[in-house]
Amino acid sequence: MTAKNSIIPVFVPHLGCPNDCVFCNQRRISGHTQPATAQTVKDAIENGAALSPAGTKRQLAFYGGSFTAIPVHEQISLFEAAQPYLADGTIDSIRLSTRPDAIDGEVLSRLKKYGVTTVELGAQSLDDTVLHLSGRGHTAKEVEDASRLIKQEGFKLVLQMMTGLPGDTDEKSLETARKIIALKPDGVRVYPTVIVRDTVLYDMWQAGQYPEHTVEDAVRVCAKLSELFDEANIPIIRMGLNPTEDLSGGDAAGGAYHPALGELVRSRIMLNRARGLLRGIKPESRVVLNVNKSDVSKMTGQHRANTNILMQEFKLKQLKVRSADVKSGEITVTVLD
Ligand code: SF4
């Protein structure tokens, strides 16, 4: 969101979720353990409003868990707590995240009545084998049907997908991205699988039944996914789990947990683009890569990783990255001799 927009998050950890996905321990992932109450909603809105300047468009966001699977009277109690703030303009709208099998016409009418404008669906994969092995408890068709209904009813749709789930491959993740693009969401979130303690996935990994999806695996596949979503003009709202103290402190036992995963992915995209442009260049060349000012560190890579890789792969004598008057994401090559 821009500077004039702000999100007021309220976490609804695992509350009401009828499922136990193998990778999920909502308490550890969100870092929140207490169920949200009407008072939590009021406090969050009042604190959020105090922190953002007048004129900011504020959106209340119910994240975590599966909001529309909570008993209806509890959903209504949380919504009602927000209504006075919607009426007086303190907040402008509400968004929430939920499961595809907790959406139908009746649910959507309720959401509309209480001012929800954006629905985020945890799709995770559109491959039925991956969904089954991950214990998701719904099919790809249910994701597609729920997505169409959400759009048809006039809500903004955000789809969340994961990479590296049990049974997943890069090709299956790319196919999931293509199917998501066909559903025309307003945005996506991509969460490479993290192995969190106290989950079934952790036990599977310990028993040698699940191969870890490493940070490198995630960067490789997410760079390809990002190119697909960019071409389709679908914004990637988030790449990788939000870092929390618990996850960084050891709850993330393995998998693709990195506090700056999105930055690593954007850096890999620049590396791949440069590789394409340098194909066929003579060994021992001296080369300058011209990039937008905002892309210099992405092109160079952490600890100069990208420039070192390019120097070696193309046997260059010299490689410089220079800030130039080109569009963000674009690279032009100057060969000095
Ligand atoms: S549906 Fe969501 S909240 Fe429920 S177990 Fe799966 S990931 Fe966790």
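Tabulated values for the structure
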| quantity | calculated |
| --- | --- |
| Extreme residue, positive dipole direction of the chain, given options Gly262, Val22, Leu78 (C-beta unit charges) | Gly262 |
| Listed residues Asp20, Asp170, Asp88, most fluctuating in the chain (Gaussian network, C-alpha, under 10 Å) | Asp88 |
| Gly240 long-range amide H proximity, modeled H, under 5 Å | Val190, Tyr191 |
| Inter-site label distance for Ala50 and Lys327 at 7 Å from Cα along Cβ, in nm | 4.5 |
| Which of Ile180, Ile331 has the fewest Cβ neighbours within 10 Å, and the rest in rising order | Ile331, Ile180 |
| Alpha-carbon Rg/Rh ratio, for the chain, with Rh computed the Kirkwood way | 1.01 |
| Helix-only mean residue ellipticity at 222 nm for the chain, each DSSP H run of n ≥ 4 adding -39500 (n - 2.57), per residue, nearest 500 | -12000 deg cm²/dmol |
| FRET E, pair Lys184, His73, Förster distance 45 Å, beta-carbon r, rounded to 0.05 | 0.85 |
| Positive dipole terminus of segment 277-335, leading residue within Val333, Ser285, Leu310 (C-beta point charges) | Ser285 |
| Relative exposure of Glu171, Glu144, judged by other C-beta atoms within 10 Å (fewest first) | Glu171, Glu144 |
| DSSP-defined antiparallel bridges as percent of all bridges, the chain, nearest 5 | 20 |
| Long-range lysine pairs (8 or more apart or interchain), segment 5-259, Cα under 24 Å | 26 |
| Rg ratio (alpha-carbon, reference 2.2 N^0.38 Å) - segment 271-337 | 0.99 |
| The chain - charge dipole about Cα centre, Lys and Arg +1 at Cβ, Asp and Glu -1, debye rounded to 20 | 1380 |
| Extension reserve of the Val296-Glu171 stretch, reckoned as 0.36 nm per residue once the Cα distance is removed | 42.0 nm |
| Amide H contacts under 5 Å for Leu316, placed H, 5+ residues apart | Glu284 |
| Exposure proxy order (Cβ contacts within 10 Å, fewest to most) of His132, His258, His73, His213 | His73, His132, His258, His213 |
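All of the numbers you see were taken from the coordinates with simple rules; none came from a lab. Keep in mind it's a predicted model, so treat the numbers as computed, not measured. Note: ideal-geometry Cβ built from the backbone for every residue, glycine included; neighbour counts use all protein chains shown.
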